[in-house]
Structures are given as structure tokens and as C-alpha cells.
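The values are calculated or read from the model by the stated rules, or taken from the named source; none is laboratory data. In this text, all values refer to a predicted model and were calculated from it rather than measured experimentally. Note that we place each Cβ from the backbone using ideal geometry, even for glycine, and neighbour counts take in every protein chain shown. Areas reflect the complete protein model, heavy atoms only, side chains present, ligands, DNA and RNA absent. Shrake-Rupley method; radii C 1.70, N 1.55, O 1.52, S 1.80 Å.
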Amino acid sequence: MDQVGVIEIKKSVFADNEQDANALRAELKQKGVYLLNLMSSPGSGKTTTLIQTINRIKDKIRVAVMEADIDSDVDAIKIKEATGIESIQLHTGGMCHLDAEMTRQGLDNLTLENTDLAILENVGNLVCPAEFDTGSCRNAMILSVPEGHDKPLKYPLMFSICDVVVINKIDVMPYFDFDLEKCTEYIHMRNPKAKVIPICAKTGEGVDAFAQWLLDEVHEWKNQ
Amino acid sequence: MHELGIVFYIIRDVKEVAEQNNVKRISKVTMDIGEVSTVIPEYLKDCWRWAADKEEVLRGCELEVNTLPAVSFCEDCRKEFPTVAHGKTCPHCSGGNTYLLRGNEVEIRDIEVYSNEQ
Ligand SMILES: Nc1nc2c(ncn2[C@@H]2O[C@H](COP(=O)(O)OP(=O)(O)OP(=O)(O)O)[C@@H](O)[C@H]2O)c(=O)[nH]1
Ligand SMILES: [Mg+2]
Ligand SMILES: [Zn+2]
Ligand SMILES: [Zn+2]
């Protein structure tokens with residue numbers, strides 16, 4: 001005979017991921033690898049910004065990139081060709097975000113002993129990547145001018161977890177009614193400590209500031 | 001698409017509980033989902049059907065979703081109010097100094113199981 005019963009679980013589905021993320025962070029600290037999680041909507045300029053940034057810092061620190069994509073490897077190839085650094089593709093198998101376990105699997109494929117800074121280009125999406133801690137030391141996001149300055153109001157969680165918000169495509173400012181001042185105000189409503197850096201990844205304008213922020217971060221973290 | 005990811009987490013968690021408890025089959029999983037959790041119950045159920053039927057222990061298993069109301073708190077007048085109806089603006093004092101108290105949950109409440117008699 002079978003017994004029928006009810007088993008109480010009462011557990012958040014995110015609980016395991018939080019544990020995994022904290023374990024990964026501790027492990028990376030021990031190995032001396034700084035992990036940056038870079039998020040944005042599709043097409044806001046993650047790959048272009050990374051190429052510009054990496055070319056400014058690759059002589060100072062050892063950088064590797066993981067490109068998360070649902071099913072292609074164009075971004076990983078682009079990074080490798082444009083910067084010469086180690087770059088791999090993570091296929092998410094249809095998942096719209098990366099969690100700590102998938103991030104760990106990606107890191108296992110990098111030569112971590114030769115890496116100071118690992119950058120994860122997350123899946124293009126402003127919703128769920130914000131809910132899943134990847135185990136990164138810091139979160140960064142890119143908001144591009146055509147997306148509009150009210151995005152921090154519409155995606156509050158994403159903006160509240162990011163330590164730095166890069167405003168990209170400032171070259172097209174004249175064609176959009178993007179209000180940088182308002183945008184900064186909205187970002188600070190969500191996260192008073194967030195650093196806002198306007199750039200044009202196409203020409204490289206402003207990228208020095210982001211590159212310097214990253215260098216300072218990695219340096220400070222290593223000396224902690 | 002996000003719902004499919006959530007379904008994979010639910011499956012992983014309930015399978016683990018099933019193994020620990022000598023469970024032969026799970027006939028129902030009940031979730032507590034907050035109104036503002038970004039999980040859409042209908043999508044979740046669709047993804048669930050597709051993914052659960054691929055698992056022996058979950059074949060035919062029903063997913064029940066229990067919606068939890070979202071409640072915000074106003075720092076200015078220190079009162080609570082329903083988030084979905086009023087958003088970020090307090091209906092008591094019209095202040096905007098408010099934050100979410102609950103309604104963000106994505107929790108597995110319990111599972112209904114058939115176990116082998118010992
Ligand atoms: N005008 C202008 N175009 C830019 C700028 N930065 C990137 N783009 C263009 O925007 C498009 C998308 O850039 P990507 O760097 O591929 O964006 P992404 O965020 O990596 O895209 P996904 O990985 O597909 O989500 C490309 O056509 C870029 O050339 C910029 O500063 N100004
Ligand atoms: Mg890209
Ligand atoms: Zn997702
Ligand atoms: Zn009030």
C-alpha cells in the first residue's frame with residue numbers, strides 16, 4: 001500500500017543560489033580573481049564597451065571574459081579578435097539569466113591562475129539577472145541613451161543592485177530626449193551609492209573613467 | 001522565459017526532498033508567489049507541465065500557485081498599504097517615502113506525495 005502525505009518545504013527557490021554565490025565569492029577571493037557581472041538590455045553596448053575597456057587595461061592587469069548567450073558565440077569571438085585576451089562563450093541553454101552554478105562552470109573553463117579580473121557579460125535582460133546573484137564581487141550595468149532615462153523607475157531592482165551604471169551611446173543624445181540629470185537622479189533614488197559614468201563606446205569617449213574605476217576596484221579588492 | 005528557469009529550481013528542490021523522504025511520486029507541488037515577484041503564474045504552470053512530465057517522480061504532478069498580496073510601508077506616516085493598487089505613493093499621506101514589506105516571494109510551500117510503506 002502507498003501512503004499519501006504532505007511534506008512542508010517552505011523554502012525560497014533562490015535560497016540555494018544565494019549559498020552557491022557566497023561560496024563562489026569566497027573561493028574567488030582566495031584565488032585572487034575579481035569577478036565583475038555586467039548586465040544590460042540586449043544591444044545596449046556590452047560587448048563594444050568591454051572591447052574599449054579591456055584594450056585600456058590589459059597591459060596593467062590580466063583580464064578574461066565569459067560571454068553568456070542563449071545560443072551563439074559571436075561575442076566571444078569578437079572580444080578575442082579585438083583584444084587578444086582569453087574569452088569564452090557560455091551557452092545558457094535557453095535560460096534568460098546566469099546563476100552562481102552556471103557562472104562557476106564558466107570559470108572552470110578559464111585559466112584562473114592567469115587571471116586578475118574575470119568579466120561576465122550576462123544575458124541581455126533587465127529583469128531576472130538582477131534576481132540571481134552570480135557570485136560576483138561587483139555588479140555593473142549599461143543603460144544606452146535610446147532606451148530612455150526612465151528605465152531606473154521601470155526596473156528598480158536592477159538599478160538597486162548595481163555599483164556602477166554606465167550610460168552608453170551619448171553620441172546619439174541629440175536625437176533622443178534623454179535627460180542625463182534626471183536619469184542620474186532616478187538611479188540615485190534606487191541606489192544612492194551607484195556611480196554613473198556617461199560614455200560613447202563607439203568612439204571611446206568617457207571609457208577612461210570606467211576603465212579607471214575597474215582598475216581601482218580590482219586593486220583595492222586585492223589589497224583588502 | 002524566466003519562468004522556465006524557476007521551474008528548474010523547483011524541480012531540483014522537490015526531487016531532493018523526495019529522495020530524502022523515500023517518496024515514490026509527487027502528486028502536487030504548492031507554491032507561494034508574491035504579487036510583485038515578476039513570476040507570472042500562468043507561464044509558470046505552462047513551463048511546469050512541459051518540464052515536470054520529463055521527470056519520473058513528477059509525471060502528471062499538479063502545480064498549485066497561491067498568490068500572496070504585496071504590502072508596502074510608508075516611512076512618513078508609518079502605515080501599511082496594498083502595493084499593487086497604490087504603487088510607490090502612500091494612500092494615507094500621499095508621501096513617496098515607501099518600501100515593499102512583502103509580496104516578492106517565490107517559495108515552495110509543500111508537496112503532496114505517495115511514499116512506499118516502510
Ligand atoms: N551610436 C552608437 N552605437 C553604439 C555604441 N556602442 C555600441 N553601439 C552599437 O550598438 C550595437 C550593439 O552593441 P553591442 O556591443 O553588440 O551590444 P551588446 O549589449 O553586447 O548586445 P547583446 O550582446 O546582443 O545583448 C552595435 O551595432 C554597436 O555598434 C555607441 O556608443 N554609440
Ligand atoms: Mg554582446
Ligand atoms: Zn531568468
Ligand atoms: Zn504615508
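Brief remarks follow.
- Quotient of C-alpha Rg and 2.2 N^0.38 Å, computed over the range B:5-45: 1.32
- For A:Cys128, the shell of other residues with beta-carbons less than 10 Å away shows a net charge of -3, using +1 for Lys and Arg and -1 for Asp and Glu.
- Residues whose amide H lies under 5 Å from that of B:Lys79, counting only those 5 or more places away or on a different chain, are B:Cys74; hydrogens are built 1.01 Å from N in the peptide plane.
- In this simple spin-label model, placing a label point 7 Å from the Cα along the Cα-to-Cβ direction at both A:Lys29 and B:Tyr99 gives a separation of 2.4 nm.
- Close amide H partners of B:Lys28, meaning residues 5 or more places away or on another chain with modelled amide H under 5 Å apart, are B:Glu62, B:Glu112.
- Inter-chain neighbour count for A:8-21: the average number of beta-carbon atoms from partner chains within 10 Å of each residue's beta-carbon is 5.
- log10 of Debye I(q)/I(0), alpha-carbon scatterers only, for chain A at 0.11, 0.13, 0.15 Å⁻¹: -0.53, -0.73, -0.97
- Label-to-label distance for A:Lys60 and B:Trp50 is 4.5 nm, based on points extended 7 Å past Cα in the beta-carbon direction.
- Pairwise inverse Cα distances across chain B, averaged and inverted, put the Kirkwood hydrodynamic radius at 15.9 Å.
- In order along the range A:207-219, phi translates into HN-Hα couplings of 5, 3, 5, 5, 4, 5, 4, 5, 4, 4, 4, 4, 4 Hz, rounded to whole numbers, per the Karplus curve 6.51 cos²θ - 1.76 cosθ + 1.60 with θ = phi - 60° and x for Gly and Pro.
- Potential extension, A:Asp108-A:Glu205 segment - 0.36 nm per residue separation minus Cα distance: 31.5 nm
- Too-long pairs where the Cα-Cα distance tops 21 Å, listed order kept, from A:Lys29/A:Lys80; A:Lys46/B:Lys88; A:Lys11/B:Lys45; A:Lys151/A:Lys195; A:Lys169/B:Lys88: A:Lys29/A:Lys80; A:Lys46/B:Lys88; A:Lys169/B:Lys88
- Cut-off under 5 Å, modelled amide H: who pairs with A:Ser144 long-range: A:Asn168
- Once B binds A, the 1.4 Å probe can no longer reach about 2500 Å² of accessible area, counting both sides.
- Unit Cα scatterers, Debye sum, the range A:98-224: log10 I(q)/I(0) for q = 0.09, 0.11, 0.13, 0.18 Å⁻¹: -0.28, -0.42, -0.59, -1.08
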